[in-house]
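The values are calculated or read from the model by the stated rules, or taken from the named source; none is laboratory data. On a predicted model such as this, the values are computed, not experimentally measured, just so you know. Here the Cβ positions follow ideal geometry from the backbone for every residue, glycine too, while neighbour counts run over all protein chains shown. Note: areas computed on protein heavy atoms with side chains; ligands, DNA, RNA excluded. Shrake-Rupley method; radii C 1.70, N 1.55, O 1.52, S 1.80 Å.
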Amino acid sequence: MGKTSNTSLDTVVTDFILLGLSHPPRLRILLFLLFFIIYILTQLGNLLILLTVWADPKLHTRPMYILLGVLSFLDMWLSSVIVPRLILDFTPASKRIPFGGCVAQLYFFHFLGSTQCFLYTLMAYDRYLAICQPLRYPMLMNGRLCTILVAGVWVAGSVHGSIQATLTFRLPYCGPNQVDYFFCDIPAVLRLACADTTVNELVTFVDIGVVAASCFMLILLSYANIVHAILQIHTADGRCRAFSTCGSHLTVVTVYYVPCIFIYLRAGSKSPLDGAVAVFYTVVTPLLNPLIYTLRNQEVKSALKRLASGRGAGSENK
């Protein structure tokens with residue numbers, strides 16, 4: 001698992017070279033345009049969700065949509081940490097990233113990524129309370145408590161990112177400096193360390209892999225109870241609406257957690273699949289979130305129509 005290097009510590013790495021994704025040179029322009037369009041659509045889609053939740057009084061006071069707005073905000077920033085640098089890989093621009101830039105990218109990726117991980121768990125808990133405890137829901141999950149929980153999620157994500165960045169870059173890096181990946185992430189960077197990385201890999205396995213897997217299991221447990229409660233609903237329309245609301249969240253959770261667990265429970269792996277899997281949850285998932293939530297959530301679609309027509313939330317009732 002761990003590795004050591006006898007490379008002289010006299011040479012200190014001051015920057016890294018991101019080798020990026022392997023691709024045929026003839027597809028460079030096509031890939032540049034593809035990822036550029038994905039990035040623009042991701043920003044616009046999530047910004048639209050964020051503005052809709054903020055502008056519609058029917059949505060921005062309800063915990064479910066407060067959490068959805070926070071998720072959109074996270075997706076915008078997570079995409080911005082990864083995708084612009086990935087786009088540069090398909091241009092003649094230098095692939096070098098300063099040492100401090102690599103530290104910052106790794107920190108913000110794990111800060112935002114773990115915050116999103118905890119937020120998904122919080123969203124599942126919110127749906128569990130709304131469906132399984134409907135009469136007590138306004139008391140159990142009010143706006144104030146939701147704000148406190150969201151703040152706790154951000155703090156936990158920041159602590160997680162700080163731990164991972166500190167542990168990764170406390171090690172000496174004395175060459176080579178070529179990161180065989182498209183961004184500075186723990187497994188790829190650790191391969192360049194001139195010291196034993198056993199402790200780091202163990203912490204990565206526990207703090208990322210196991211925590212992500214535990215959150216995923218908690219979400220599945222919440223949804224097992226939710227499905228049981230939905231099946232008790234007597235009307236077909238009621239069951240359909242409940243499944244539609246929860247289905248969008250469960251879809252997003254699956255496409256985020258499964259690739260994440262695949263990467264970090266195999267921290268020592270050098271599989272060529274790792275890059276493709278990482279692209280899915282760092283680039284594709286932030287794009288899919290607004291699509292999934294708008295296409296499967298009737299209330300969000302109605303709010304978007306009201307926003308597009310310039311009508312207030314209350315105008316429908318006049």
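General observations
- Taking each residue as 0.36 nm, the span from VAL277 to HIS60 lengthens on full extension beyond its C-alpha to C-alpha distance by 74.7 nm.
- At most 15 other Cβ within 10 Å, DSSP loop - chymotrypsin sites (Phe, Trp or Tyr not before Pro), the stretch 195-228: none
- About the centre of its Cα atoms, the chain shows a dipole size close to 900 debye [charges on the beta carbon of Lys, Arg (+1) and Asp, Glu (-1) only; nearest 20 debye].
- Label zone at ALA93 (point 7 Å along Cα-to-Cβ), backbone N below 17 Å, the stretch 14-46: 16-21, 28-41, 43
- Close amide H contacts of PHE16 (hydrogens built in the peptide plane, cut-off under 5 Å, sequence separation of 5 or more or a different chain): ILE97, PHE99.
- For the stretch 176-196, backbone nitrogen atoms closer than 15 Å to the point 7 Å from ASP15 Cα along Cα-to-C-beta are found at 177-179.
- The amide H of THR197, built 1.01 Å from its N in the peptide plane, has LYS3 as neighbours under 5 Å, considering only residues 5 or more places off or on other chains.
- Between MET217 and LEU307, the FRET efficiency estimated from the beta carbon spacing at R0 = 45 angstrom works out to 0.75.
- Solvent exposure of PHE32, expressed as accessible area, is near 60 Å², computed with a probe of 1.4 Å over the protein chains only.
- Dipole of the stretch 144-250, positive end: most advanced residue of ILE186, GLY175, THR235 [Cβ charges, Cα centre]: THR235
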